[in-house]
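Asker: Sending over a structure as structure tokens; questions will come in a sec.
What follows is calculated from the coordinates using simple rules that are stated; it is not laboratory data. Everything numeric in this text was worked out from a predicted model, so none of it was measured. Cβ: placed from backbone, ideal geometry, glycine included. Neighbour counts: every protein chain shown.
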């Protein structure tokens, strides 16, 4: 008889569960209306200093390197001897060409005399003359190659790399030295940018370069843009040319620097506060937004630039009315929210 009241009590308890622990509380948040702005972009990047006149020097003909007269970092003057090949083989070839030319000349003189005496035909004399001219051309070629056994500096500059040593065997065109002409107006900063940044940058866009070795910010401008991706780095290359002269002792090739490029092309973006941004990684981040003021929605956004007054977003907020700027740390996608002033 006592079992039924207990069961009945249990049934009544099951029919009226407490919902206080199961009901998810709404989270108070603050909102910011969103509107697109149109302005020029500020692209922050980094790179290394170089010049526009680097050159790879090599011998025209192959052979054994006789002597390298410079090493990496040496300053050179115009006309200075940099490297030589062992001339034995080239000198022998020149001597052979000279002897062949002398023989061909004698043959022509003899054939001409015989033709004048009506002993040789006109064709024989002409063939001898042609053979002499061919031998003369071969001699000039051999003499030219003889003058190419030495590498001399065409302009004053610095040796960036020495790629071979004494006694090495090199082929025609094998890189021997990498040279760089240094002057106060030829410095450039080679930087890498993404495809989206590359499309926004135009020739002539202004830039500011900052380096630890420089005492001040250096003005520059976009001098060149690559037409394809660098296979080594996987990014597009942009060359920034310095607008102001820099002392030679301040900069070296390969020295690191940072740059900010100010684009003339206008782009649409949203400016949001730092606190609204979550989980940023390589230009991608997340924010919480709402259109009805009741439910939070997590969306991915593309960060275009970080500025003192906030973060510029280039995509991801299309069609969104309000951004959640406070309380984001307690939200998840689909969380109910309550807007507070």
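Asker: Among 151, 56, which comes first, then next, by fewest other beta-carbon atoms within 10 Å?
Answerer: Least crowded to most crowded, the residues run 56, 151.
Asker: Oh, and also: Rounded to the nearest 500 deg cm²/dmol, what is the calculated helix-only ellipticity per residue at 222 nm for the chain, with -39500 (n - 2.57) per DSSP H run of length n ≥ 4? Mind dumping the intermediate values first?
Answerer: On the way: 4 runs with 73 residues, N = 341.
Computed ellipticity for the chain at 222 nm equals -7500 deg cm²/dmol.
Asker: Could you work out which residue, out of 45, 149, 233, moves most in a Gaussian network model of the chain, that is, has the largest mean-square fluctuation with Cα springs under 10 Å?
Answerer: With Cα springs under 10 Å in the chain, the top fluctuation among 45, 149, 233 is at 233.
Asker: Give me the angle, in degrees from 0 to 90, between the Cα long axis of helix 88-116 and the longest principal axis of the Cα atoms of the chain, rounded to the nearest 10.
Answerer: Taking the Cα atoms of the chain, the angle to 88-116 is about 40 degrees.
Asker: Continuing with the same structure: Using alpha carbons only, how many degrees (0 to 90, rounded to 10) separate the axis of helix 3-15 from the longest principal axis of the chain?
Answerer: Once rounded, the angle reads 50 degrees.
Asker: For a quick check, take a GNM of the chain with Cα springs below 10 Å and name the residue from 65, 134, 48 with the largest mean-square fluctuation.
Answerer: Looking only at 65, 134, 48, the biggest GNM fluctuation is shown by 134.
Asker: Need one word for segment 87-148: rounded, prolate or oblate. Basis is the Cα gyration tensor (sqrt eigenvalues a ≥ b ≥ c); a/c below 1.5 gives rounded, then a/b vs b/c decides.
Answerer: Taking the square roots of the gyration eigenvalues as a ≥ b ≥ c, segment 87-148 is prolate.
Asker: Running a GNM on the chain with Cα contacts under 10 Å, which residue among 204, 252, 79 ends up with the highest mean-square fluctuation?
Answerer: 79
Asker: Given contacts defined as C-alpha pairs under 8 Å and at least six residues apart, what's the relative contact order of the chain, whole-number percent?
Answerer: That works out to 26 percent.
Asker: Going by a ≥ b ≥ c, the root eigenvalues of the Cα gyration tensor, does the chain fall in the rounded group (a/c under 1.5), the prolate group (a/b larger than b/c) or the oblate group? Provide the component values of the computation, followed by the final result.
Answerer: Values: a/c = 3.95, a/b = 3.19, b/c = 1.24.
Cα axes put the chain in the prolate bin.
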